[in-house]
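Engineer: Quick one: structure below, then a few questions.
The values are calculated or read from the model by the stated rules, or taken from the named source; none is laboratory data. Because the structure is a prediction, the values reported are computed rather than measured. Ideal geometry is used to build each Cβ from the backbone, glycine not excepted, and the neighbour counts take in all protein chains shown. Only protein heavy atoms, including side chains, enter the accessible area calculation; ligands, DNA and RNA are left aside. Shrake-Rupley method; radii C 1.70, N 1.55, O 1.52, S 1.80 Å.
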Amino acid sequence: MRIVITECDHDSFDAEHEVTGLAGAELVLTQSRDATELVENAAGAEGVLVQYAQITAEVMDALPALRAIGRYGVGVDSVDVAAATERGIAVCNVPDYGTEAVSDHAVGMALAAARGIPRLDRGVRAGSFDLAVVRPLYQTRDRVFGVVGMGLIGTATARKAAGLGYEVIGYDVAAEPGAATFHGFASVSLDELLERSQVVSLHTPLTEGTRGMIGAAELARMRTDAILVNTSRGGVVDTPALVDALAAGSIRAAAIDVHEQEPLPPDHPLTTFDSVVLTPHLAWYTEESYDELKRRTVANVIDVVAGRAPRNIVNPEVLGAPGRNATCAPVAVRTGA
């Protein structure tokens, strides 16, 4: 069983080696800079672990032994899932490893922006005790916190925001039209959420349907005292439109952990606003979530290669079907409550 890490910037791979060692699998760490190197480095691999690399149909065809692709994270937008499904290749992710970490970070960023904490910190360091730069400030109670995407992370964020006194409303494409609640919180349309919320927190995957979903028209619907928080994917927000909205003062502030271009250039327009809080795509990270991510990413791939249904798979229809995983056990159908 040969498993190759195509490229990864983690500082240690002890967790992966421990998991593969117990399974009797060979783990090979590579740092492939392009598709050509990736194919060369992953030759003969039955499974690959991917952080940022693009796994295209051409890459899959050049790796005929490949049966499983494990993505370090929730999103799989760097993998051509349709092409993998056509070839019977399993695509696995870890959809729930960072639920607490990301929701903690989203709420923390919302509070930092709402209270003007980074701006006040810079002022104190410069010898200023001036409150005027962040006025007006408001308490959280009775303010409206809107969550876009009420999955595991969005629902956890909603729960924490409610605990701080916010009135929480949510929007999710999976919510039944006209339903009063979804996952325990008031369910509204996206337009209503944008028009009512003092905080709009994004928790949606990046798909063709969500790319640029918060653009000029959506930003124009938001309140002038609203804060936009994004801990999902950079491409969900039209960044130039956000810059324009901040410059025009049509929204109050933004708190952004994920960016369309990473790393964010030091001279990027977002860095010029004192009302913007920026972090370097680390909402997912805690010591606990880091270890869980690494172990479960490789465990999913090992399961597939060993002929077992993995805990997490994006395209379960490939298991036991004609293709590279025809002999793999299918995902069990759950019955009962």
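Engineer: Would you mind stating whether Thr140 is assigned to a loop (DSSP other than H, G, I, E, B) and open to solvent by less than 70 Å² (accessible area, probe 1.4 Å)?
Structural biologist: Spelling it out, Thr140 is indeed assigned to a loop (DSSP other than H, G, I, E, B) and open to solvent by less than 70 Å² (accessible area, probe 1.4 Å).
Engineer: For segment 191-211, how many residues meet the condition of being out of contact with any helix residue (DSSP H, G or I) (no Cβ under 7 Å at 6 or more places or on another chain), open to solvent by 30 Å² or more (accessible area, probe 1.4 Å) and under 27 Å from Ala101 (Cα atoms)? Even if it seems obvious, please write down each step before you answer.
Structural biologist: Keep residues of segment 191-211 that are out of contact with any helix residue (DSSP H, G or I) (no Cβ under 7 Å at 6 or more places or on another chain), which gives 192-193, 196-198, 205, 207-209.
Retained after the next criterion (residues that are open to solvent by 30 Å² or more (accessible area, probe 1.4 Å)): 192, 196, 205, 207-209.
Those left that are additionally under 27 Å from Ala101 (Cα atoms): 196, 205, 207-209.
Total meeting the criteria: 5.
Engineer: Can you name the residue in segment 88-137 that is surrounded by 19 or more Cβ atoms within 10 Å (Cβ to Cβ) and among the polar types (S, T, N, Q) and, of all such residues, is nearest to Asp61 (Cα to Cα)?
Structural biologist: Checked segment 88-137; the qualifying residue nearest to Asp61 (Cα to Cα) is Asn93.
Engineer: Among the residues of segment 215-225, are any buried (at least 18 other Cβ atoms within 10 Å of the Cβ) and under 17 Å from the mean Cα position of the chain (by Cα)?
Structural biologist: no
Engineer: Restrict the check to segment 242-251 and report whether at least one residue is in contact with a helix residue (DSSP H, G or I) (Cβ under 6 Å, 6 or more places away or on another chain), part of a loop (DSSP other than H, G, I, E, B) and surrounded by 14 or more Cβ atoms within 10 Å (Cβ to Cβ).
Structural biologist: First, pick out the residues of segment 242-251 that are in contact with a helix residue (DSSP H, G or I) (Cβ under 6 Å, 6 or more places away or on another chain): 243, 245, 251.
Those left that are additionally part of a loop (DSSP other than H, G, I, E, B): 251.
Adding the requirement that they be surrounded by 14 or more Cβ atoms within 10 Å (Cβ to Cβ) leaves 251.
Yes, that holds for at least one residue.
Engineer: If only one of Glu58, Glu37, Glu46 is surrounded by 15 or more Cβ atoms within 10 Å (Cβ to Cβ) and within 21 Å of Val318 (Cβ to Cβ), which one is it?
Structural biologist: Glu46
Engineer: Report the residue count in segment 284-312 for those that are open to solvent by 30 Å² or more (accessible area, probe 1.4 Å) and of a type in the set (Val, Ile, Thr).
Structural biologist: At the first step, the residues of segment 284-312 found to be open to solvent by 30 Å² or more (accessible area, probe 1.4 Å) are 284-288, 290-292, 295, 299, 303, 306, 308-309, 311.
From the residues that got through so far, the ones that are of a type in the set (Val, Ile, Thr) too are 286.
Result for segment 284-312: 1.
Engineer: In segment 252-283, what residues are aliphatic (A, V, I, L, M) and either assigned to a strand (DSSP E or B) or open to solvent by 40 Å² or more (accessible area, probe 1.4 Å) (or both)?
Structural biologist: Answer for segment 252-283, where residues must be aliphatic (A, V, I, L, M) and either assigned to a strand (DSSP E or B) or open to solvent by 40 Å² or more (accessible area, probe 1.4 Å) (or both): Ala253, Ala254, Ala255, Ile256, Leu264, Val276, Val277, Leu278, Leu282.
Engineer: Count, please, the residues in segment 176-188 that happen to be in a loop (DSSP other than H, G, I, E, B) and more than 7 Å from Met150 (Cβ to Cβ).
Structural biologist: Counting residues in segment 176-188 that are in a loop (DSSP other than H, G, I, E, B) and more than 7 Å from Met150 (Cβ to Cβ) gives 7.
Engineer: Let me ask something else about it. So which of Ala114, Ala45, Ala90 is of a type outside the set (Val, Ile, Thr), in contact with a Leu (Cβ under 9 Å, 6 or more places away or on another chain), in contact (Cβ under 8 Å) with a residue 40 or more places away in the chain and more than 20 Å from Val304 (Cα to Cα)? Quick ask: steps written out before the conclusion?
Structural biologist: Working: Ala45 fails: more than 20 Å from Val304 (Cα to Cα); Ala90 fails: more than 20 Å from Val304 (Cα to Cα).
Answer to the check: Ala114.
Engineer: What's the number of the condition Ala179 fails, among (1) farther than 21 Å from Asn93 by Cβ; (2) touching a strand residue (DSSP E or B) at 6+ places or on another chain (Cβ under 6 Å); (3) modelled with pLDDT of 95 or more?
Structural biologist: Failed condition: (3).
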